[in-house]
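**Q** Pasting a structure here, questions to come.
The values are calculated or read from the model by the stated rules, or taken from the named source; none is laboratory data. What you see is a predicted model; the values in this text were computed from it and never measured. Cβ coordinates were reconstructed from backbone atoms using ideal geometry, including for glycine residues, and neighbour counts include every protein chain displayed. The accessibility values were calculated without ligands, DNA or RNA, using every heavy atom of the protein model including side chains. Shrake-Rupley method; radii C 1.70, N 1.55, O 1.52, S 1.80 Å.
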Amino acid sequence: MTRTVLVTGGAGFIGSNFVQMLREDRPDWRVINLDALTYAGNLENLTAVEADPEYTFVHGDITVAADVAKAFAAGGESGVSDVIHFAAESHVDRSIASGLPFVQSNVVGTQVLLDAARERGVQRFVHVSTDEVYGSLGKTGFFTEETPLSPNSPYSASKAGSDMLVRAVHETHGFPAMITRCSNNYGPYQFPEKLIPLMIANAREDKALPIYGDGMQIRDWLYVRDHCEAILAVLERGSAGEVYNIGGHNEYPNIDIVRAILKHLDKPESLIEYVTDRLGHDRRYAIDARKIEETLGWTPRYTFEQALPMTLQWYQDHDGWLQNVRSGSYRDYYSAQYGA
Ligand code: NAD
Ligand code: TYD
């Protein structure tokens, strides 16, 4: 069945991986990408699809109803059948510095998008959220879909707010929305402010690798391709109104991740520098993904031991991409066209 899918935030890390996967795995679907090209949006992530006639880029902001209308209009007469909503401010440290942009894009933007999608009778809406809405775990236990929301950072609080708005539009109007909550992703095209690409980039330049606090915080790492496949499974087979946790049972303390990166790159551990801890730093995230595994048949295909070397190799092979992002010149790629 041909579908026209509106992806928001498709120029970011996960969104750009998802757009590329859709064009490869669902070649008869059309894809519209609505992205504001914030600092985290990079059209160099999408060079593989930019000339594809079934792919359309719309430069616009999800908080602006006219921009959202323009993206829906790109669906033409048959309209947009589905929405996959990635667009968000996504970095915890930035949210600690200033929470307002997070409320604007993540909360207000989600409501603007939901209103537009509901008015136009969209058939499926997948809201891409995060395990961080559940807060922090102790040494044992896992987040299930029933774990109460207890966000600790302005980022996770704004994502929890958006989740509640998605839930409300389903409960109130019967709008066919679903929510996914995934653990930490890694892989190609991740902006080097997040742990893994930052450490890769710094290590390659023999710069210090800043570890917050004692480095014993635990994250549950999932390769981005596995996340994208899980989202596609929810789009195609998920039930309206449901929440699906996504994770791969790949729990590691941050210090182990950093040591593994240094080992792969043959760099010394003396590059590690312990720095002041992040404020309100969540200690541990871990996902119970049995619901999506049992009801939708999704399981991760990659272990950390397989996909970390693949990721390191990708950054080695895409030195130009990394340099453009690190220097800021990636913004020149589109500023002439879009004035962003
Ligand atoms: P990212 O920061 O790399 O990309 C976000 C994209 O959204 C960028 O292209 C940016 O330009 C765009 N954007 C931001 N505000 C916008 C706005 N107002 N209007 C239109 N576009 C806007 O983020 P990511 O890491 O790819 O995360 C994507 C989604 O997945 C987010 O919703 C995030 O909460 C969620 N998520 C991320 C992870 C992770 O580990 N990165 C894990 C679980 C869930
Ligand atoms: P991050 O990639 O920012 O993801 P999140 O905060 O959403 O989990 O950080 C992952 C972990 O790595 C988190 O515990 C914070 C830690 N961290 C560092 O120790 N040093 C760093 O420079 C960064 C960016 C993160």
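**Q** From Cα coordinates alone, what are the radius of gyration and Dmax values for the range 74-199 in angstrom?
**A** Calculated on Cα positions, Rg and Dmax stand at 15.7, 53 Å.
**Q** Which cross-chain or sequence-distant (5 or more) residues have an amide H under 5 Å from the amide H of Asn185, H modelled 1.01 Å from N in plane?
**A** Excluding prolines and chain starts, which carry no amide H, the hits are Leu222.
**Q** Right, here's the next one. In the range 201-328, what percent of the accessible surface is made up of carbon and sulfur (1.4 Å probe, ligands and nucleic acids excluded)? List each step's numbers first, then the result.
**A** Details: 2680 of 5650 Å².
Within the range 201-328, the accessible surface is 47 percent carbon and sulfur.
**Q** Only bridges whose two residues both fall in the range 186-308 count here: according to DSSP, what percent of them are antiparallel, nearest 5?
**A** Details: 3 of 9 bridges.
Once the DSSP bridges in the range 186-308 are tallied, antiparallel ones form about 35 percent.
**Q** Next up: Find the accessible area per residue for the range 36-172; the probe is 1.4 Å, ligands and nucleic acids are left out, and the unit is Å².
**A** Working: 5720 Å² over 137 residues.
Ligands and nucleic acids excluded, the result is 42 Å² per residue.
**Q** Considering the zone a paramagnetic label at Arg167 would reach in this model (a point 7 Å from Cα along the Cα-to-Cβ line), which residues of the range 267-294 have amide N under 20 Å from it?
**A** Counting backbone N atoms under 20 Å from the label point, the list is 286-292.
**Q** Moving on. Considering Cα pairs under 8 angstrom that are at least six residues apart, work out the relative contact order of the chain and quote it in whole percent. Each step should come with its number before you reach the end.
**A** Values: 653 pairs, mean separation 59.7, N = 340.
With pairs under 8 Å counted, the relative contact order is 18 percent.
**Q** Let me ask another. Sequence-distant or interchain residues sharing an amide H contact under 5 Å with Val7, placed H: which?
**A** Ile32, Asn33, Leu34, Ile84
**Q** So the label point goes 7 Å from the Cα of Thr299 along Cα→C-beta, right? Which residues of the range 218-251 then have their backbone N under 19 Å from it?
**A** Hits in the range 218-251 for Thr299 at 19 Å: 221-234, 245-251.
**Q** Give a residue-ordered list of calculated ³J(HN,Hα) values for the range 31-42 (Karplus: 6.51 cos²θ - 1.76 cosθ + 1.60, θ = phi - 60°; whole Hz; x for Gly, Pro).
**A** 3J(HN,Hα) across the range 31-42, in whole Hz: 10, 10, 10, 9, 9, 7, 6, 5, 4, 8, x, 9.
**Q** As an exercise, use a Förster radius of 45 Å and the Cβ-Cβ distance of Thr144 and Glu77 to find the FRET efficiency, rounded to the nearest 0.05. Walk me through the intermediate numbers first.
**A** On the way: r = 43 Å, r/R0 = 0.95.
My answer for the efficiency is 0.55.
**Q** On to the next question. Quick one: compute the contact order of the range 41-161, relative version, from alpha carbon pairs under 8 angstrom and 6+ residues apart, as a percent. Before the final figure, lay out each step's value.
**A** Numbers: 129 pairs, mean separation 33.4, N = 121.
Reported relative contact order: 28 percent.
**Q** While we're here: With N denoting the number of residues in the range 241-297, provide Rg(C-alpha) divided by 2.2 N^0.38 Å, to two decimal places.
**A** On the way: Rg = 16.7 Å, N = 57, 2.2 N^0.38 = 10.2 Å.
With N residues counted in the range 241-297, Rg over 2.2 N^0.38 Å equals 1.63.
**Q** Order the peptides 268-276, 167-175, 81-89 from the highest to the lowest mean number of other Cβ atoms within 10 Å of their residues.
**A** Numbers: 268-276: 12.0, 167-175: 14.6, 81-89: 25.1.
Ranked from most to least packed, the peptides come out as 81-89, 167-175, 268-276.
**Q** A further question on this structure: Just to be sure I understand the curve: with the Debye formula and one point per C-alpha of the range 215-340, what is log10 I(q)/I(0) at q = 0.09, 0.10, 0.13 Å⁻¹?
**A** One equal scatterer on each Cα of the range 215-340 leads to -0.40, -0.49, -0.80.
**Q** Given the Cα-Cα distance of Met310 and Gln104 and 0.36 nm per residue of separation, how much length would full extension add, in nm? Before the final figure, lay out the partial values.
**A** Numbers: separation 206, 0.36 × 206 = 74.16 nm, distance 3.53 nm.
Once the chain is fully extended between Met310 and Gln104, it gains 70.6 nm.
**Q** Can you compute the modelled spin-label distance between Glu205 and Arg283, with each label point 7 Å from Cα toward Cβ, in nm?
**A** Result for the modelled spin labels: 3.5 nm.
**Q** For the range 10-15, just list the computed ³J(HN,Hα) in residue order, Karplus coefficients 6.51, -1.76 and 1.60, θ = phi - 60°, integers in Hz, with x standing in for Gly and Pro.
**A** x, 9, x, 4, 6, x
**Q** Moving on to the next point. For a quick check, take a GNM of the chain with Cα springs below 10 Å and name the residue from Gly248, Gly75, Gly15 with the largest mean-square fluctuation.
**A** Gly75
**Q** Quick check: from the Cα gyration tensor, does the range 151-293 come out rounded (a/c under 1.5), prolate or oblate? Mind showing how you got there, number by number?
**A** On the way: a/c = 2.73, a/b = 1.99, b/c = 1.37.
Verdict is prolate for the range 151-293.
**Q** I've got another one for you. Please give, to one decimal in nm, the separation of the simple spin-label points placed at Thr2 and His264, each 7 Å out from Cα toward the Cβ.
**A** That separation, rounded to one decimal, is 4.1 nm.
**Q** Between Asp317 and Ile96, how high is the FRET efficiency from 1/(1 + (r/R0)^6) when r is the Cβ-Cβ distance and R₀ = 35 Å? Nearest 0.05. Numbers along the way, then the final one.
**A** Numbers: r = 33 Å, r/R0 = 0.95.
The formula returns an efficiency of 0.60 here.
**Q** By a straight-distance test (C-alpha under 29 Å), which lysines pair with Lys291 as possible cross-link partners, with residues fewer than eight away in the same chain excluded?
**A** Hits, sequence-local ones excluded: Lys139, Lys159, Lys194.
**Q** Could you pull out every residue, at least 5 positions away or on a different chain, whose amide H is within less than 5 Å of the one on Tyr252? Hs are placed 1.01 Å off N in the peptide plane, and Pro or chain starts have none.
**A** Here Arg219, Trp221 satisfy the definition.
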